[in-house]
Each structure stands twice: as structure tokens, then as C-alpha cells.
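Here's the structure we're looking at; comments come further down.
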Amino acid sequence: MPEPSVSHGWNGRAPAGRVAYVDGRYIPHGRAAVHIEDRGLQFGDAIYEVCGIVAGGLRDEDEHLDRLARSLGEIGIAMPMPRNVLRLVMRELVRRNRIRTGLLYLQVTRGAARRDHPIPNPASRPTLILTVREMDAAALERRRDEGIAVVTRPDERWARCDIKTTQLLPNLLAKTSARKAGAYEAWLVDEDGFVTEGTSTNAWIVDTAGRLTTRNLSHEILPGVTRRVILEAAAEAQLPVSEHRFTPSDALAAREAFISSATGVVPVTSIDGKTIGEGRPGPVTRRVQELYAHRSASSASEVSR
Ligand code: PDD
């Protein structure tokens, strides 16, 4: 049965039966909505998380929930429900939508209140939104296999990129500019000429000494869950790692490069149109992909069906 017509501008394809979760209710995706004065909508006063779904299980679920709690704490929004209840809701949504390979999106806004800049006191009730979607496993596999091109763009974001807020306009503009240039991702470059991260991924190189290198944690980058998992797995596998910043020229001189995010580890084969290493995914990137796949197969919490 087609979903009822909607009045709030959703123009994506929603498979029949797709279900979202908004404020305590499972609801058909095409009809799911928040209040027009929700502060997430009005101000981007909201935190989000994206968690991979692998073989029907949530990848690195606890790490994502830890980061959610931290981001919310940094801007003073309360957890919308106890963590164990949230975990149940997340799993139930994956189950109801019968997703095997995909992404879970979770957003907590500060809630609906009269539009006014100061944060409401007493606090408004946070809004919780959850959606899941299937991903094209073959297209993902192809990207992981063949690699992608990146371009560099100035990092024009705010000074607290460690907080996962929904205020993503600079990211969206840089990503769009990359796509127009025929690249998959943009690597953002700070005022000192160093790469911070991608618009929705962490950035890595294998430097000339063969060390797996990614920028150190600070307010300038998101502490990627995948980044952390890779660093732990690499240390266990005794791969040399180094957490420090690098420039686009370091990246061009590097043996290999890749990006990491909830959608996995994807080789980078060129930067700004110039080939990296041999212009194809290298052995260290392949090893990291294997380590990550292995680790996430064991960490994905199974969703009972
Ligand atoms: N992006 N850096 C930025 C700016 C990000 O937005 C993300 C995640 C990452 C990688 O983090 P993780 O490994 O925890 O996914 C790094 C998500 C996927 C998104 O915005 O859709």
C-alpha cells in the first residue's frame, strides 16, 4: 500500500512499511515529523549519531552511545531515556525494518520551545528521532575495493568539531563541492595548512616510513568510533601507528591513504587529481580493512528476529 501523502516535503523513496521512531512512537516513515518550533530545526540545537548495521546487528553500539552521551553532556541536553531502553528501541527499529546492511541514524534535539536564542530554563523535553536505512551492499563493496578520489577544501567549521552536532552546513558545502569536482570526499584543511578530517569521515595516510597516521584528537576533529577501533586493532596487530597532523603534501608523498567512518574503511587513490602511491588500494589499507571487518563482525550486537 502506498504511504499516505505528506505535507512536510519528504522527497526520498520510502519502501512500503518503512518505520521511524519519533518521541516514543514507531510511525510510518513518510508521516514521521517533529514540531515546527523544535530547536533542532530552528537552530541545529541537536546531537546525532550514525551507527552501521552489519548482518542485522549494530556495529560498535556501545562506543556510539558513549559518544552520544558525551556530545549531549557538552551542550547540556539530557539523555532522552536510559541507555538500556534506548538500546532496545534501536534494536527494535532495525528489526521492524528488517535491515541487514545499512545505517541507523539517531538524533536528540533540545526539544520544542518558543524560538528564543537562550537555552530554555527550565529545560525543554528533548526530542528523540531514529531512522534506519538499507545500504546498497554491492556499491559499498565496490567503493571499498576500488577506492575513491578526494579533493582538499578549507575547513570552515566551528571550533568544537569534537561535538557531533547537526550543524553541518560547512560539511555539506565542502562535500557538494567535492562531488561537483568528481571526487567522493573533501579533506578539510585548517588555517595552518594541515588536514583535519573529511566532511563525514576521518582521514588517514600510511606515511613514507610505513606508519598508519591520523590526526590526534582535539577540538578540531570528531573522535571517530571507527578511528578508535582501527587504532586498537592496529596496535593489537603490531602495525606502527602515529597520531599526528599531516599536510596535503604529506598525503601526496604518502604510500597510501584512506578514510574511515561508520560505513567502513575506504581507500583513497588520489588527492586533488594527483595519484597516491601506485594509484590503487595498498597493502596496509587492505590489512586495516580486514582487521576492521573482523573486529566489527564480533562487535555487531545481534538483533533478535
Ligand atoms: N559521520 N568525522 C566527521 C566530521 C564525521 O561526520 C564522521 C561520521 C566521522 C567518522 O566517525 P565514525 O567513525 O564514528 O563514523 C569523522 C557520519 C557517518 C555522518 O555524518 O553521516
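The values are calculated or read from the model by the stated rules, or taken from the named source; none is laboratory data. This one's a predicted model, so the numbers in the text were calculated from it and none came from an experiment. Using ideal geometry, Cβ is built from the backbone for each residue, glycine included, and neighbour counts are taken over all protein chains shown.
Laid out as a table, the results:
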| quantity | calculated |
| --- | --- |
| Set R91, R114, R98: member being closer than 23 Å to R39 by Cβ and either of a type in the set (K, R) or at pLDDT 95 or above (or both) | R114 |
| Which listed residue is touching a Pro at 6+ places or on another chain (Cβ under 9 Å) and in contact (Cβ under 8 Å) with a residue 40 or more places away in the chain, from R39, R95, R91 | R39 |
| Of all residues making up the stretch 13-48, the number that are within 18 Å of T166 (Cα to Cα), β-branched (V, I, T) and under 22 Å from the mean Cα position of the chain (by Cα) | 2 |
| Failed item, numbered, when Q238 is tested on (1) touching a residue at least 12 places away in the same chain (Cβ under 8 Å); (2) not in a helix (DSSP H, G or I); (3) not β-branched (V, I, T) | (1) |
| Among (1) surrounded by 20 or more Cβ atoms within 10 Å (Cβ to Cβ); (2) more than 16 Å from the ligand (Cβ to nearest atom), the one test that E146 misses | (1) |
| Which listed residue, of V288, V265, is touching a helix residue (DSSP H, G or I) at 6+ places or on another chain (Cβ under 7 Å), modelled with pLDDT of 95 or more, in the same structural domain as R153 (by TED's automatic domain parsing) and not in a helix (DSSP H, G or I) | V265 |
| Scan of the stretch 197-217 for residues that are within 13 Å of the ligand (Cβ to nearest atom) and either outside any strand (DSSP E or B) or over 17 Å from L252 (Cβ atoms) (or both), ordered by number | E197, T199, S200, T201, N202, R215, L217 |
| Residue in the stretch 122-137 that is farther than 26 Å from G57 by Cβ and assigned to a strand (DSSP E or B) present | yes |
| Among the candidates G224, G273, G279, residue that is over 11 Å from W204 (Cα atoms), surrounded by fewer than 18 Cβ atoms within 10 Å (Cβ to Cβ) and without any contact (Cβ under 8 Å) to a residue 60 or more places away in the chain | G279 |
| Evaluation of A251 against (1) assigned to a helix (DSSP H, G or I); (2) modelled with pLDDT under 95; (3) away from the ligand (no atom under 13 Å from the Cβ) (one fails), failing number | (2) |
| Residue in the stretch 121-130 that is modelled with pLDDT of 95 or more and in contact with an Asp or Glu (Cβ under 7 Å, 6 or more places away or on another chain) present | yes |
| Filter pass, I119 being in contact (Cβ under 8 Å) with a residue 24 or more places away in the chain, surrounded by 19 or more Cβ atoms within 10 Å (Cβ to Cβ), away from the ligand (no atom under 16 Å from the Cβ) and in a loop (DSSP other than H, G, I, E, B) | no |
